Amino acid sequence: MPSSLAIIAAVFSGEDRARAIGSWTAGTAAAVALGPPLGGLLVDEISWRVVFALNVPLVALCLVLISRAVPEIAGTGGRRIDVPGVVLAVAGLAGPVFALTRQPAVGWGAAQVWIPLVAGFGACAAFVAYERAAPDPMLPPAIFGARNFAVGNVVTFVVYAGLGSATFFVALFLQQIAGYSALQAGLALLPITLLLVSLSRRFGALAARVGPRLLMTAGPLAGGAGLLAFRRVGADPDYLTDVLPAALLFGTGLAMTVAPLTATVLAAADRRYAGIASGVNNAFARVAALVAIAAVGAVVAAQFGAALDGSPAGSPAGAGARAARAYVADAREHPLAPPDRPAAAPVRAVVRDAGVEAFHAGMLVAGLLMITGGLIAAAGIRNPRRRADARPALAGTA
């Protein structure tokens, strides 16, 4: 069964495809909008474990809808599953992610960090070499011959790295440092999704008329500026003046970026590769978020430790020193999550301030990642040539 984007690529073309992708983006954003508030409500009122159980009926509903509503699209009969490619890809991703996750706790010199890191990079190199020679590769190298497809996926990786790491750490910071409940943190970021829902279709249609390069450049630049604006958020933020402006700028940048970016990647690939193209682009986005959360997490942990080391509370002395040292040691193990144990107010304040500095460092990296994506798009994306007879049959439909 083809993916949803593969169906869009097969059924729509031209400006109608851009609109359809905009609608797809808005629909997925609407679903995402319900996630944080609903998840926060379940966490606050019942248990975090219920969040995972909630997926079961949703998946069942999707299976029913797919069986009844999704048309069959002719595939590539006779092709076999690329099992070696799958194994190498999984190993190539799992190694570096595991290493980056463990590094803040044990350091770069630990065997459990450098061994999976080196092994993962080796598996990635082996994956590329194998896919070039495989009879039925899961990732045909020829698909990257299209300039906009190759550059578009690089932009996807960089932009979604900033997006994935930012949304994770903003939600974590608001709950652990700023004192928001899980529900309040979800509602605080809701304007981002509302902007995606309301603007994605319009920006998708605009990109089809003026070309994707402008929006794929301006969108990440605006989104990156929004993430940098989150560096104004402190331990006691005012939502209307600190959090909301950054969220609005970030959300506007995302709305400008996502639909034109996806449409450009799919349009650049040959129609016979529509399913693979959508899968590759989706994989780049998901892998980018996974790797970035681990990598930016390492930056956050390093900045948090440096902030504690630069403070007298990092090496407490005098009365209550043992309790203070235990508090600080626990804090080092879990940056952005103050320990749930008693400690003197000055020690708690220092740990909280270190968390703010660490969060700001993470937002700096995430913002620069998105800005880099915009610069790559400006340098590498080419607007497709428009033909006088290329007007889609359904152009002008809403």
Practice prompt. Mind sorting Arg201, Arg80 by how few other Cβ atoms lie within 10 Å of their own Cβ, fewest first?
Written response: Arg80, Arg201
Worksheet item: Averaged over all directions, how much area does the convex hull of the C-alpha atoms of region 266-372 cover when projected, in nm²?
Response: 8.4 nm²
Worksheet, complete the sentence: Taking N as the residue count of region 82-137, its alpha carbon Rg divided by 2.2 N^0.38 Å gives 1.27
Worksheet, complete the sentence: Residues Thr156, Thr257 in order from fewest to most other beta-carbon atoms within 10 Å are Thr156, Thr257
Item to complete: Report the convex hull volume per residue for region 83-184, counting only C-alpha atoms, in Å³.
Response: 143 Å³
Practice prompt. Kindly put Phe121, Phe157 in sequence by how many other C-beta atoms sit within 10 Å of each C-beta, fewest to most.
Written response: Phe121, Phe157
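None of the figures in this text is laboratory data; all of them are computed from the coordinates on show. These numbers were taken from a predicted model, which means no experiment stands behind them. Cβ: placed from backbone, ideal geometry, glycine included. Neighbour counts: every protein chain shown.
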